[in-house]
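Here's the structure we're looking at; comments come further down.
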Amino acid sequence: MSKPCAECGLEELDDLNCRTQGIIRQAELTQAAAETLRQFRQKYDGARSSYVKARGEAAPVVQELAKKAATLINKIRCLLEEQEIKKLDQAWKRVAQDLADCPGLTGCCVHDPCDFDLNVENVPLKVLVEREADVKRRTDAAVECFKEVVEEPVALPQRVTKLQAKIAAIESDLGGETKSKEELHRLYVRAVVAAFELRDAQIWRGFANVHAFMDCLCRGLTCALRGHRALAVLGGAIATQKCRQEAHKAYCKRLREDPVDDVLTQYAKLTRLDEDAE
C-alpha cells in the first residue's frame, strides 16, 4: 500500500509556473531581436565590397581636392598681411580645438567590449532591473554606431561631392573683382576649413583603411548581438522574479483575509509527519 503524499508541492508548482513565464519572455525577446540582427548581418556582409569601391573611387578625387585647397590657401595668403594671417590661423586653431572635443566626428564609435554578465540565479529583482537598464543603454549605443558606420559607403561619396562644391565655390568667389579685407578673411577661412575636412581623419571618418572600417562594424555587430542576448536573459529572469513576487503577494493576501485553512493544512502536515515517524 502506497504512503499518502506528505507534501502537495504547490510552492513547486508556483515556481515552475514562474520559471515558465521567464522562459517564454526570454524567447519573445530573442525572437523580437532576431530579425534586426539578421538585417545587420546582411548589411555587414555587403559592406566590405561597397566600401572598397566607394573609397577607391574617392581617393584620387580627394587627393586632387586637397591640392586645390592648398593652392587656394596660398593664393589668398598672398593677398593678406602677415599679421592678418597669423590672427586668422590662431582663431582657427582655437575653434579646431573645440571641434576636436565634439564627440563622434571620427573613428569607431564602439569602445565597449560588451562583456555582459549573464548570471541571473539568485540575483535580486532590483539588481536585475538596474543591469537591464545598463545593458540596454550600452547596446543601444552600439546599435546606433553600427547603423551610422554601415552607411559609410553612401556617406563617403556624399562628403566628397560636398567638398567638390565647396572648393569650386571658393575658386569662383576668389576670381573676378577686387575683394575687401573682410571678404578675403572669409575666403581664407573657408579654404582652411575645406583643407581640414579633406584630411584623412575627416574625409575617411578616421578609418585608416578598409580593415579599420570593417573592424568597427564587427565590434558594433558583436556588441549588438551580445547585448540582445543579455537583454533576453535578463528579461526572462525579471519576468520570473516578478511572477514570484506576485505569487507571494497573492499568498500573503490570502493569509491576511483568512489564514484558517492554511493553519489546518500545516496541522495536517505535522500530523502526517508524526505518523510517519512512529
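The figures follow:
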read-out: Conditions (1) under 29 Å from Pro157 (Cβ atoms); (2) loosely packed, with under 15 Cβ neighbours inside 10 Å: number failed by Glu257; value: (1)
read-out: Residue tally, condition assigned to a loop (DSSP other than H, G, I, E, B), surrounded by fewer than 11 Cβ atoms within 10 Å (Cβ to Cβ) and not small (Gly, Ala, Ser), over segment 82-112; value: 3
read-out: Segment 181-203 - residue that is among the basic types (Lys, Arg) and in a helix (DSSP H, G or I) and, of those, surrounded by the fewest Cβ atoms within 10 Å (Cβ to Cβ); value: Lys181
read-out: Segment 247-276, residues that are in contact (Cβ under 8 Å) with a residue 60 or more places away in the chain and farther than 25 Å from Gln21 by Cβ; value: Lys269, Arg272, Leu273, Asp276
read-out: Residue count, segment 224-278 (criterion: touching a helix residue (DSSP H, G or I) at 6+ places or on another chain (Cβ under 7 Å) and modelled with pLDDT under 80); value: 1
read-out: Test for Leu217: is it aliphatic (A, V, I, L, M), part of a helix (DSSP H, G or I), out of contact with any Leu (no Cβ under 8 Å at 6 or more places or on another chain) and buried (at least 21 other Cβ atoms within 10 Å of the Cβ); value: yes
read-out: Residue count, segment 116-164 (criterion: of a type in the set (S, T, N, Q) and either surrounded by 16 or more Cβ atoms within 10 Å (Cβ to Cβ) or part of a helix (DSSP H, G or I) (or both)); value: 4
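The values are calculated or read from the model by the stated rules, or taken from the named source; none is laboratory data. Every value quoted in this text rests on a predicted model; they were computed, and no experiment measured them. Backbone-built Cβ (ideal geometry, glycine too); neighbour counts: all protein chains shown.
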